[in-house]
Amino acid sequence: MTTPFSLKTLCAVLISTAALSLPLAHAAGPDDLGKQLTPLGAERAGNADGSIPAWDGGYVKVDPSFKEGGKRGDPFAADRPLFSITAKNVDQYAARLSEGTKAMFKRYPESYRIDVYQTRRTAAAPQWVYDNTLKNAREAKLVESSAGLIPEGAYGGIPFPVPKNGTEAMWNHVLNWRGTSVAMDFRHYLMTADGAPVMTTDGKAIQEMPYYYKDGSASTFDGDYWLFRLLNVGPPLRAGEQILGRTNLNGDKTQAHVYLTGQRRVRKLPNACCDTPTPATAGVMSFDELSVFQGRMDRFNWKLVGKQEMYIPYNTNKVQVASKPEDLFSKHHMNPDYVRWELHRVWVVEADLAPGKRHQLPKGRYYLDEDTWQAMLGDRWDANGQLSKTLWSLPIVMPDLPAVAQLSSGFYDLVSGAWFVQNLYAGKDQQYAVVDKYKPAEFSPAAMAGRGVR
C-alpha cells in the first residue's frame with residue numbers, strides 16, 4: 001500500500017516533469033517579441049490557473065516622494081503572504097523549489113521559512129532597450145573567441161531573447177538590464193557557522209555598463225561591458241583598500257586591479273576569473289559567484305533544460321528599507337520576515353565542467369527569471385557530487401529606471417553552515433543612485449592611485 005508521503009513525492013515528481021515540459025519560448029522567433037512574448041522575450045500570457053498573471057508592461061509608477069540618489073520604498077508594503085512554506089509542508093511545494101532551497105529546509109527545519117506573496121510581474125525597461133533587444137534577436141550570434149563563445153552583433157538590450165541553447169541564456173543573464181551608470185554605498189557581511197555576523201566590507205562604489213550606453217552601437221562597442229570601482233571605508237582593517245574591474249565579453253581581456261594600503265601601490269590581479277576569490281568580498285565569494293553567476297563561459301558546458309514555474313525571491317524592496325542590517329539576519333540565514341518570494345517562470349540552465357578545465361565546484365544549476373533574465377537562484381555541487389552551495393539574489397523594483405534589478409545577493413554554504421550577503425543598503429542613505437555617465441578615467445588604475453591612502 002502506498003503511503004501518503006510517497007504519494008506526495010510521486011506527485012511532486014510528476015508536477016516537476018510537467019513543469020519542465022511547458023511550451024518553450026525559444027520555439028517562437030524574433031517576430032513574436034512584443035506580441036506573444038514580452039519585449040525582452042518572456043511569455044506575455046499568465047499561467048493556466050492565474051497564479052502567474054499576464055505581463056502588462058511592468059511597474060513604472062514612480063513614488064512622488066522619491067528623489068534620485070535616495071532610497072526607493074517598498075511599493076507593495078501592504079501585501080500579506082498568501083501562505084508560508086516550512087519544513088512541515090515543504091513536500092507539498094517541492095516541485096517548485098530549487099535543490100538548494102529544499103536543502104535549507106532540511107538543514108534548518110526550525111527556522112527557515114519562505115513567505116510566498118502575490119506574483120507581480122514588475123519587470124520593465126526603457127523603450128530603447130526593447131528596440132535594441134528586437135534588433136539583437138535578428139542580428140546577434142555566438143562566435144568563437146579565445147575565451148569561448150561570446151556574443152557578436154549584440155548591443156544595448158538582451159542579446160538572445162529567444163535563446164536556442166544554454167550559453168545564449170546565460171549571456172542574457174550576464175547582460176541583463178540594470179541601468180547604465182550608478183553610484184552605491186553598501187556593506188557585505190559574513191555569518192559564521194555559529195551565527196556571528198562579521199562585516200567584511202563597508203564600501204563606496206561606482207558602476208557602469210558601456211554595453212548599455214544609449215548613444216552607442218554594436219559596431220563601436222569594444223567588449224568591456226561592466227566597469228566597477230570600489231573604495232572600502234570600513235571595517236578599519238580594510239579601510240582605504242580599492243578594487244577596479246573591467247569585465248570584457250572575451251574573458252582573456254578582463255582586467256582587475258587592487259590597491260592595498262600596506263603596499264601603497266596598485267597591482268594587477270593575475271586571474272580575475274572563475275573560482276578565484278574576489279577581493280571585493282574579502283575573498284569570501286569567488287569571481288563567478290558575484291550576481292549568482294558572473295564569469296567566463298568556457299569553463300562549463302551549458303545545457304538549456306527548459307522552463308519551469310518556481311518560487312524565487314522577487315520584489316524584495318523590504319530588504320533595502322530596513323533600518324539597519326542586523327534586522328535582516330537570522331542565525332543561519334536571512335530573516336524570513338524580510339524576504340519576499342513569488343511564483344515565476346524561470347529558465348533552468350545546467351553547467352557541467354568542460355573537458356580540460358578545472359573548477360572547485362564543477363557542476364551548477366541556475367534559475368533565470370523569464371522577465372528579466374537574471375539568475376535569481378543557483379546551486380553548485382563539488383567534485384564528489386555533494387550539493388555544496390546555494391546562491392540567491394534579492395531583486396527590487398525600481399520604477400524610476402525602470403527595471404527589476406539585483407541589488408543584494410549571497411550564498412548559503414551547505415557544508416560549513418556559514419553564509420554571506422553582499423551589497424546590503426539597509427541603514428544607508430544612498431541605495432543605487434542613477435547618475436550621469438562617468439568619465440573614462442574614473443575606471444583606470446591611475447584613478448585608484450590618485451585616491452589611495454598615503
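The values are calculated or read from the model by the stated rules, or taken from the named source; none is laboratory data. Small disclaimer: the values here were computed from a predicted structure and weren't measured. Methodologically, a virtual Cβ is constructed for each residue, glycine included, from the backbone with ideal geometry; neighbour enumeration extends over all protein chains shown.
Residue-level check: of (1) crowded, with 17+ Cβ neighbours inside 10 Å; (2) modelled with pLDDT of 95 or more; (3) more than 23 Å from ARG345 (Cβ to Cβ); (4) basic (Lys, Arg), ARG72 misses just (2). Annotation for the stretch 122-133: no member residue is of a type in the set (D, E, K, R), over 21 Å from the mean Cα position of the chain (by Cα) and not in a helix (DSSP H, G or I).
Hey, can you tell me all the residues within the stretch 167-194 that are crowded, with 23+ Cβ neighbours inside 10 Å and of a type in the set (Gly, Ala, Ser)? Within the stretch 167-194, just ALA169 meets the criteria.
When the stretch 177-217 is filtered for residues that are under 30 Å from TRP128 (Cα atoms) and among the β-branched types (Val, Ile, Thr), the ones remaining, listed by number, are THR180, VAL182, ILE206.
Restricted to the stretch 414-429, and to residues there that are more than 19 Å from the chain's Cα centre (by Cα) and among the small types (Gly, Ala, Ser), the residue that is nearest to GLY203 (Cα to Cα) is GLY427. Only a single criterion out of (1) crowded, with 17+ Cβ neighbours inside 10 Å; (2) part of a loop (DSSP other than H, G, I, E, B) is not satisfied by ALA447, namely (2).
Filtered by the rule that a residue be of a type in the set (D, E, K, R) and in a loop (DSSP other than H, G, I, E, B), the stretch 265-280 gives a lone residue, ASP275. Within the stretch 80-105, the set of residues being assigned to a helix (DSSP H, G or I) and either touching a His at 6+ places or on another chain (Cβ under 8 Å) or not polar (S, T, N, Q) (or both) comprises VAL90, ASP91, TYR93, ALA94, ALA95, ARG96, GLU99, GLY100, LYS102, ALA103, MET104, PHE105. Among the residues making up the stretch 320-343, those that are within 18 Å of MET310 (Cβ to Cβ) and among the charged types (D, E, K, R) are ARG340, GLU342.
The listed residues are GLY283, GLY295, GLY262, and the only one of them that is in a loop (DSSP other than H, G, I, E, B), crowded, with 22+ Cβ neighbours inside 10 Å and at pLDDT below 95 turns out to be GLY295.
Would a scan of the stretch 324-333 turn up a residue that is assigned to a helix (DSSP H, G or I) and surrounded by 21 or more Cβ atoms within 10 Å (Cβ to Cβ)? Checked against the condition, which is being assigned to a helix (DSSP H, G or I) and surrounded by 21 or more Cβ atoms within 10 Å (Cβ to Cβ), the stretch 324-333 yields at least one hit.
One residue stands out among those in the stretch 222-257 that are in contact (Cβ under 8 Å) with a residue 60 or more places away in the chain and of a type in the set (A, V, I, L, M): the one that is farthest from ALA154 (Cα to Cα), which is ALA239. If only residues of the stretch 218-229 that are in a loop (DSSP other than H, G, I, E, B) and either among the hydroxyl-bearing types (Ser, Thr, Tyr) or in contact with a Gly (Cβ under 9 Å, 6 or more places away or on another chain) (or both) are counted, the one that is nearest to LYS135 (Cα to Cα) is ALA218.
Candidates in the stretch 382-397 are the residues that are of a type in the set (A, V, I, L, M, F, W, C) and surrounded by fewer than 24 Cβ atoms within 10 Å (Cβ to Cβ); of these, the one that is farthest from the chain's Cα centre (by Cα) is ALA383.
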